[in-house]
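Since the structure comes first, as C-alpha cells, the remarks are kept for the end.
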C-alpha cells in the first residue's frame, strides 16, 4: 500500500472512481466504425479536422451529391502593400460560376485557396467555424506554396480571413473586404448563392 | 488529519450526456477571465430566450483572434446579443439561425429594424439569409441603408429570385470596384433585374417616385 | 493491527464525536475486484472475433471515458479520444502480444491519445458541452456538488504528468509496472509524481475544508 494513500487521498480517489460516464451511443458508434473495416489498412486520406470527425452532419454528405461547386482560383499572394491598400480600380472581379443546389436548406461546398510559398501552415477562420484557428486548416497542394480547403457553407453572406503560421491575419486577395466595426481589422466577404 | 465535515458522496453513476454532434461552440482558452464571464452572462441570457448562443461565442473568438482588448470584446458580444434579439423579433415567426445571424449583420451596418419585418412579409415562406446578405453587402459598399433596403425589398416583392439578387450584389460590387458611385451602380443594376420581372400589380409602397 | 477503516473511525471519534463517515472505507483496505478482462477475450478479438472486440469495448469504455474526461476536461474531447483509442486498438490488435496484458496496452494508447489531443488543442472552455453554467450546476445537491467540485478542481490544478500518474495509480488502480508500460517513464519518477500529486491534493482539500468552516 502506498505510504501517501491516507484517508483524504482514499476519499478523493473514491469520489473520482465513483463517477462513471456511460455512453451507449459512443460505444455503438465505435462498433459501427470498425464494422467491416479492414485491419492494417493505411488510409491515404487523413481524417478531417476534429470538429468534423465528430460532427458528421448530414449536410456534408448532401454536399457531395451536388453537381459542382464554387471555385475560387488560387493566385499569387500580393505583397503586403497591395493587399493592405485594397483592390486596385483596374482589377476585375472573378466570375464565379453559379451552381444550383438541390434544396434551399443544403449548404454548398466552397473551395478556399491561397498561394503563399512562405507559409508553413494556413488556417481558414470565419463566421462559419466560430473563428477557430484549429477548425479548418488548409491543406498543402501538390504545387509547393498552394493551399486549399473545401467546406460546406449555407447561402448568404459570410466573412472570413486566413491565419498564416498562427499569427498573420490575411484577407483573401481575390475577395471583397468588409470593414470590421467591432475590432477594426478587415475581413474578406463571400456571398454564397442559393436557388 | 481528519476531514471535519459530513461527506455525501453520490454513488449514483453519472450518465454521460449524449453530445449532440452538430456545431459545438467553444470559447478560446486564451479568453481573459472578464471576457469569459461576460460571454457566460450573454450565453445564459441567449439560452433563456432561445437565441443562437454559438454566434455570441463566435464573436468573442473573432475578437480574441484579432487580439482585441477585453473591453472591446465584451462590448461587441453584448451589442450582438441585443441585435440577435431584435433580428429574431423582426424576422418572426420562427426564423432560422442563419436568418437571425444575417439579420443581426444587417442591423449592424445600419439597416433599420423595420426593414427586416418588411422583408419577412415579402418572403414569408422562404429563407431570407441570402437577401439579407445581399442587402448587407450593398450597404457595406457605401449605399445608404434606406435606399438599398428599398431596392432589395422592391425586387423581392416583384418576384426576383435568389439568383437575381445574388447577381445584383455581384454586379454592384464589380461596378464599385471599377470606380462607379454606389448609387449609380445600384440604380443601373436594379433596372436590369427589374426589366426581367413581371410588372408590379399595383403601386408599390416602395416604388421610387423619381423613377420614370 | 487495526485495519485502515477501524483506525479512521477511531481517529474520527477521538477528534470530533460528531464526524460521520457517509461512505465506509472498511472495504477499501481489501483488494478491489480486478478491473482487467479475461485474457482470452483480447486474444479472440486479435483472431478476428467481432463479438470479442465488442466485449472489449463494452468492458473498458466507461473507464477509458472517465480517465479521458479527467485528463481532458471536456466530454466531447474525451469521447473523441476514446473513440480514436478503440479504433487504433482495432487497427493494431495484430501487434498485441499474446503473452501481454491487454489493460496496460489499452491505457498506453489512450494516454497517448489524450496527450496528443492536449498538445494539439490547448484546453478550451466550453460553455455549451460541459454544462458548467450555474443553471445546470444548481440542480445538484449542495453537499455533493461541493465535494465533487473540490476534488475535481484540485485534480485539475495538478500538472499534467502528476494528474496522469495519480489517475492511473489511485483511480484506475494500476501497478507501477503497468504505469511504466503506459507512460514510458521509469518507476522512480512515477512514484515521485504520484507522491507529489497526493501531497498537492491533500493540501488543497484540507485548505478547502478549513475555508468551509
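What follows is calculated from the coordinates using simple rules that are stated; it is not laboratory data. These figures come from a predicted structure and were not determined experimentally. Neighbour counts run over all protein chains shown; Cβ positions are idealised from the backbone, glycine included.
Based on the Cβ-Cβ distance of residue C:188 and residue C:88, what FRET efficiency does E = 1/(1 + (r/R0)^6) give at R0 = 41 Å, to the nearest 0.05? Write down the numbers at each step before the final one.
Numbers: r = 29 Å, r/R0 = 0.72.
Computed FRET efficiency for residue C:188 and residue C:88: 0.90.
Could you please rank A:10, A:139, placing first whichever residue has the fewest other Cβ atoms within 10 Å of its Cβ?
In order of increasing Cβ crowding within 10 Å: A:139, A:10.
Just subtract the alpha-carbon distance of residue B:117 and residue B:163 from 0.36 nm times their residue separation and send over the number in nm, one decimal. Don't jump to the answer; show the numbers that get you there.
Values: separation 46, 0.36 × 46 = 16.56 nm, distance 2.18 nm.
Computed gain between residue B:117 and residue B:163 is 14.4 nm.
Between residue A:32 and residue B:125, what is the spin-label point distance in nm, taking each point 7 Å from the Cα along the Cα→C-beta axis?
With each label placed 7 Å out from Cα toward Cβ, I get 3.4 nm.
For q values of 0.10, 0.13, 0.14, 0.15 Å⁻¹, compute log₁₀ I(q)/I(0) with the Debye formula on a Cα-only model of the stretch B:93-212, without solvent.
Normalising to I(0) and taking log10 leaves -0.27, -0.46, -0.53, -0.62.
For the stretch B:158-193 and the stretch C:57-97, what is the centre-to-centre distance using only Cα atoms, to the nearest Å?
55
For the pair residue C:38/residue B:32, report the inter-label distance in nm, with labels modelled 7 Å from Cα in the Cβ direction.
For the pair residue C:38/residue B:32, the computed spacing is 6.1 nm.
Simple spin-label model, 7 Å along Cα-to-Cβ: residue A:111 to residue A:5 in nm?
6.0
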